[in-house]
Amino acid sequence: MSAGVPPSKAVLKKATVQQLKEHNQQLVLKTIHTGQADSRAAIADETGLTRPTVSQIVGELLEAELVQEEGLGESRGAKPPTLLSFVEDA
């Protein structure tokens with residue numbers, strides 16, 4: 001915050017692309033780890049992130065071996081979801 005600028009008038013800095021990416025990645029990890037969601041579609045619904053964004057992040061987390069695919073979930077009339085879980089010893 002700038003000296004002499006009241007808090008209500010302070011200018012918030014925009015997040016960089018890298019900061020936003022890291023935030024979204026942490027959000028997806030937390031959502032999986034806490035059990036709030038266990039599939040890409042459920043993560044997108046829970047977090048408000050788009051499905052393509054979630055898929056890209058999950059792909060990166062799979063590659064980094066921080067999450068793993070656990071098989072298929074129950075179909076709700078469409079393609080069954082691929083279930084995800086946090087790698088405990090990661």
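Where a number appears in this text, it was derived from the coordinates with a stated rule and is not lab data. What you are looking at is a predicted structure, and each value in this text was computed from that prediction instead of being measured.
Using the alpha-carbon atoms, what tilt in degrees (0 to 90, nearest 10) does helix 51-63 show relative to the longest principal axis of the chain?
80 degrees
Excluding same-chain residues fewer than 8 positions from LYS30, which aspartates and glutamates have a Cα within less than 20 Å of its Cα?
GLU22, ASP38, ASP45, GLU46, GLU60, GLU63, GLU65, GLU69, GLU70, GLU88, ASP89
Once both axes come from the Cα atoms, what is the angle between helix 17-33 and the longest principal axis of the chain, in degrees from 0 to 90, rounded to 10?
In the chain, helix 17-33 runs at an angle near 40 degrees to the longest axis.
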